[in-house]
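The values are calculated or read from the model by the stated rules, or taken from the named source; none is laboratory data. Quantities reported herein were computed from a predicted structural model and do not represent experimental measurements. Cβ coordinates were reconstructed from backbone atoms using ideal geometry, including for glycine residues, and neighbour counts include every protein chain displayed. The accessibility values were calculated without ligands, DNA or RNA, using every heavy atom of the protein model including side chains. Shrake-Rupley method; radii C 1.70, N 1.55, O 1.52, S 1.80 Å.
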Amino acid sequence: MVVGAFPMAKLLYLGIRQISKPLANRMKEAARRSEFFKTYICLPPAQLYHWVEMRTKMRIMGFRGTAIKPLNEEAAAELGAELLGEATIFIVGGSCLVLEYWRHQANQRHKEEEQRAAWEAMQDEVGRLALAFEALQAQVQAAAQPGALEELRAQMREVRAQLSARDAHVPSATQAASSSEK
């Protein structure tokens, strides 16, 4: 089941990223139509991007002190809308990446906790078995010595009784054998 959940999460992230592209296109259209969006959200990043890009190009070409003209409002709005769309896609993709990382870390922590709990359970079981073994060993030693001694005494009585019985039967058997020879 865990294997099946992993591709589903990937598929969900991919779906979110695919949905972010049309969302970014809608935001671009809204930015082009809305005066507030144009003025406060699209134009400042577009002018900053244009300034940094042109400044870098001028320095690469060797023009250090050249003043950079700002973009006209139409071009800045278009560039700002494109930047907004790309930023949306980038943020959604980055968010998916961060969420996947967090999910992976949570799974890893959960697995480590399970392993730690299993290890502690095994250590507890080994300790419990060691105590049980020591208790059983003490019982065997306590019970085996008197019991073995009593058993040996009983066997000794039995052997003595057999020897006494044999001694009683042996002389009469030898006497009967000697009288039959005469």
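Being open to solvent by 60 Å² or more (accessible area, probe 1.4 Å) and of a type outside the set (Ser, Thr, Tyr) narrows it down to one of 18, 47, so name that one.
Of 18, 47, the one residue that is open to solvent by 60 Å² or more (accessible area, probe 1.4 Å) and of a type outside the set (Ser, Thr, Tyr) is 18.
Considering only the range 87-103, I want to know if a residue exists there that is modelled with pLDDT under 90, of a type in the set (Phe, Trp, Tyr) and surrounded by 10 or more Cβ atoms within 10 Å (Cβ to Cβ).
Scanning the range 87-103 turns up at least one residue that is modelled with pLDDT under 90, of a type in the set (Phe, Trp, Tyr) and surrounded by 10 or more Cβ atoms within 10 Å (Cβ to Cβ).
Hey, does the range 61-80 have a residue that's over 25 Å from the mean Cα position of the chain (by Cα), more than 30 Å from residue 32 (Cα to Cα) and assigned to a helix (DSSP H, G or I)?
yes
From the set of residues in the range 50-69 that are charged (D, E, K, R) and surrounded by fewer than 11 Cβ atoms within 10 Å (Cβ to Cβ), which is nearest to residue 99 (Cα to Cα)?
Once the filter is applied, the top-ranked residue is 69.
For residue 108, indicate whether it is open to solvent by 80 Å² or more (accessible area, probe 1.4 Å), over 19 Å from residue 25 (Cβ atoms), out of contact with any Lys or Arg (no Cβ under 7 Å at 6 or more places or on another chain) and of a type in the set (S, T, N, Q).
No: the conditions fail for residue 108.
Does the range 142-155 contain any residue that is modelled with pLDDT of 80 or more, over 30 Å from residue 32 (Cα atoms) and open to solvent by 60 Å² or more (accessible area, probe 1.4 Å)?
Scanning the range 142-155, I find at least one residue that is modelled with pLDDT of 80 or more, over 30 Å from residue 32 (Cα atoms) and open to solvent by 60 Å² or more (accessible area, probe 1.4 Å), so the answer is yes.
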